[in-house]
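Participant: Before I ask anything, here is the structure I am working with.
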Amino acid sequence: MIKKFLNNKLYANSLIFFIASLLGAFGNYAFHFLMARLLSPSSYGELQSLISLSVIFGIPVGVLSVVIAKYTAEFKAKNENHQISWLFKIFTKKLFFLGLIFFLLLLLAAPFISNFLALKSLSSLIILIVSFIFVFLAALNNSVLQGLEKFKALSAISIITVILKIFLAFILIKLSLAVSGAVLAFVLAGLIAYGLTFIPLRFLIKSMPLSSLESAQSPIKQMLNFSVPVLLIILFTTLLYNLDILLVKHFFDSAVAGQYAALALLGHIIFFLIGPLIAVMFPAAAAAHASSISTNLIFKKSFLMSFFVGIITLAFYFTFPALIIKIIVGANYLELAPYLGWFGTAMFLFSLISLLSQYFLSISKTRFTYILFIAVFCQTALISIWHASLWQIVWIMNGVMAVCLAGLAVYYTKTLNRYDFCHHSNPKSH
């Protein structure tokens, strides 16, 4: 049974990336373990708000990642390596200039952002903004690796990055740089990781003769058409995952915002664990769809693995909340124990929302966007109206996630499932 499991490409890649992500998650939580102890609760809340802000700023990066990974996987399935080379070279040039433009625009907006989040100083925000000069290029390299299903390389790079981030953050904070030091560690580790991605991609650079690139058919028009709905989908899923932290930072005092930041950190563990399974599913489903092979089995296997991981994690949240809090963020946050299981439930539901969304994108189905939009609208409106306590925030998160997931499940059952079975008569499956 073990041999059969390892011989299945989806399971094997999932296992590799899952183990590496566990190590990476352990490293990330070691990082936050240090930050929660080296920084005051208010400073830690500021760091978490900046991290959430970087995710929201990075929505265009997320769009790029989905589009590049999808087309790379499709070209790989069709053995069109010259198209992958073309994609890599052309986008490297274009995204360098896009990063510079993005950096300048965010720099102009920095004072307004700092005022909204009540940041103590502009320096940490400026450091974060500088990272956008190369963040698009890093996303391009990572997405090509994902589309090529080079999960061993991605895993190794992610582990090295986490180790560097911890080491650099510890040194910089000890040098009295506080939040700015922690953010600078993020940026420097990311820059080094970008350089490392060229090692597994060197074959693309060497195999890019001019004749091959000139003969490649430009997929730019199709990619742009696909990018518009992807932008909306990534925007809404990112807001669902991060907007609560920013709203709490805005509506609550700094101490409570710091407490909620720690709760979000703990709850997000579920998504960090399920995320690698989603990352492995995406190129596999995209390649199968491009080859007119049914994708249902790929999705169902990924869903079952994600559900299993999520339920086990939730069992720990509800059974040992105080122990988990002490280990990860420290005894100063023990008052969060009653919230942990229920906030974790919201994050489990979000993980399944993300899984369904990525599956739909892998097979070029985007009409579910309105479901995500309604969820984000309800989340924003409800938290803006009811924010008297953290319990209100937690219940709003659960309600919104549950309704959104139910909508996506109906969409899958009544539309996607029927479509996939009707239009894919090839019995082969990954």
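Participant: Only one residue in 286, 322, 315 is within 19 Å of the chain's Cα centre (by Cα) and either outside any helix (DSSP H, G or I) or not hydroxyl-bearing (Ser, Thr, Tyr) (or both). Which one?
Facilitator: Criteria check complete, one pass: 286.
Participant: Follow-up question, since we're still on this one. Could you check, for the stretch 246-257, whether at least one of its residues is without any contact (Cβ under 8 Å) to a residue 60 or more places away in the chain, within 28 Å of residue 19 (Cβ to Cβ) and not in a helix (DSSP H, G or I)?
Facilitator: Within the stretch 246-257 (the criterion being without any contact (Cβ under 8 Å) to a residue 60 or more places away in the chain, within 28 Å of residue 19 (Cβ to Cβ) and not in a helix (DSSP H, G or I)), the answer is no, since none of the residues qualifies.
Participant: Just a yes or no: is a residue in the stretch 102-117 out of contact with any helix residue (DSSP H, G or I) (no Cβ under 8 Å at 6 or more places or on another chain), among the polar types (S, T, N, Q) and surrounded by fewer than 20 Cβ atoms within 10 Å (Cβ to Cβ)?
Facilitator: yes
Participant: OK, next. From the set of residues in the stretch 154-184 that are without any contact (Cβ under 8 Å) to a residue 60 or more places away in the chain and of a type in the set (Gly, Ala, Ser), which is surrounded by the fewest Cβ atoms within 10 Å (Cβ to Cβ)?
Facilitator: Looking at the filtered set, the residue picked out is 176.
Participant: Also, quick follow-up: Would you confirm whether any residue within the stretch 302-316 is modelled with pLDDT under 85 and surrounded by fewer than 16 Cβ atoms within 10 Å (Cβ to Cβ)? Let's see the steps before the verdict.
Facilitator: First, pick out the residues of the stretch 302-316 that are modelled with pLDDT under 85: none.
Looking for residues that are modelled with pLDDT under 85 and surrounded by fewer than 16 Cβ atoms within 10 Å (Cβ to Cβ), one finds none in the stretch 302-316, hence no.
Participant: Checking residue 381 against (1) over 26 Å from residue 251 (Cα atoms); (2) over 21 Å from the mean Cα position of the chain (by Cα), which single condition isn't satisfied?
Facilitator: That leaves (1) as the condition not met.
Participant: If residue 351 meets every condition in (1) under 20 Å from the mean Cα position of the chain (by Cα); (2) under 27 Å from residue 37 (Cβ atoms) apart from one, which number is that one?
Facilitator: Exception for residue 351: condition (2).
Participant: Take the stretch 381-405 and flag every residue that is touching a Phe, Trp or Tyr at 6+ places or on another chain (Cβ under 8 Å) and assigned to a loop (DSSP other than H, G, I, E, B).
Facilitator: Within the stretch 381-405, 387 is the sole residue that qualifies.
Participant: Let me ask something additional. Of (1) under 24 Å from the mean Cα position of the chain (by Cα); (2) in contact (Cβ under 8 Å) with a residue 60 or more places away in the chain; (3) surrounded by fewer than 20 Cβ atoms within 10 Å (Cβ to Cβ); (4) within 15 Å of residue 143 (Cβ to Cβ), residue 94 satisfies all except one. Which?
Facilitator: Failed condition: (2).
Participant: Right, another one. If residue 130 passes every condition in (1) in contact (Cβ under 8 Å) with a residue 12 or more places away in the chain; (2) surrounded by 15 or more Cβ atoms within 10 Å (Cβ to Cβ); (3) closer than 27 Å to residue 26 by Cβ but one, which one does it miss?
Facilitator: (3)
Participant: Taking residue 285 as meeting all but one of (1) over 20 Å from residue 267 (Cβ atoms); (2) at pLDDT 90 or above, write down the number of the exception.
Facilitator: Against the list (1) over 20 Å from residue 267 (Cβ atoms); (2) at pLDDT 90 or above, residue 285 comes up short only on (2).
Participant: Continuing with this model, one more query. If only one of 58, 45, 24 is under 14 Å from residue 276 (Cα atoms), crowded, with 19+ Cβ neighbours inside 10 Å and at pLDDT 70 or above, which one is it?
Facilitator: When all the criteria are applied, what remains is 24.
Participant: Please go through the stretch 371-394 and give me each residue that is more than 12 Å from residue 237 (Cβ to Cβ) and touching a Leu at 6+ places or on another chain (Cβ under 9 Å), ordered by number.
Facilitator: Once the filter is applied, which keeps residues that are more than 12 Å from residue 237 (Cβ to Cβ) and touching a Leu at 6+ places or on another chain (Cβ under 9 Å), the stretch 371-394 yields 380, 383, 384, 387, 390, 392, 393, 394.
Participant: Would you be able to say whether some residue in the stretch 222-236 is surrounded by fewer than 23 Cβ atoms within 10 Å (Cβ to Cβ) and more than 22 Å from the chain's Cα centre (by Cα)?
Facilitator: Looking for residues that are surrounded by fewer than 23 Cβ atoms within 10 Å (Cβ to Cβ) and more than 22 Å from the chain's Cα centre (by Cα), one finds at least one in the stretch 222-236, hence yes.
Participant: So, of the residues in the stretch 325-372 that are loosely packed, with under 15 Cβ neighbours inside 10 Å and of a type in the set (A, V, I, L, M, F, W, C), which turns out to be modelled with the highest pLDDT?
Facilitator: Step by step, filter the stretch 325-372, then rank; the result is 334.
Participant: Still on this structure, please answer the following. Within the stretch 265-301, track down each residue that is over 28 Å from residue 76 (Cβ atoms), crowded, with 21+ Cβ neighbours inside 10 Å and out of contact with any Phe, Trp or Tyr (no Cβ under 6 Å at 6 or more places or on another chain).
Facilitator: Once the filter is applied, which keeps residues that are over 28 Å from residue 76 (Cβ atoms), crowded, with 21+ Cβ neighbours inside 10 Å and out of contact with any Phe, Trp or Tyr (no Cβ under 6 Å at 6 or more places or on another chain), the stretch 265-301 yields 265, 266, 268.
The values are calculated or read from the model by the stated rules, or taken from the named source; none is laboratory data. For clarity, every value in this text was computed on a predicted model and none was experimentally measured. Positions of Cβ are generated from backbone atoms using ideal geometry, with glycine treated the same way; all protein chains shown enter the neighbour counts.
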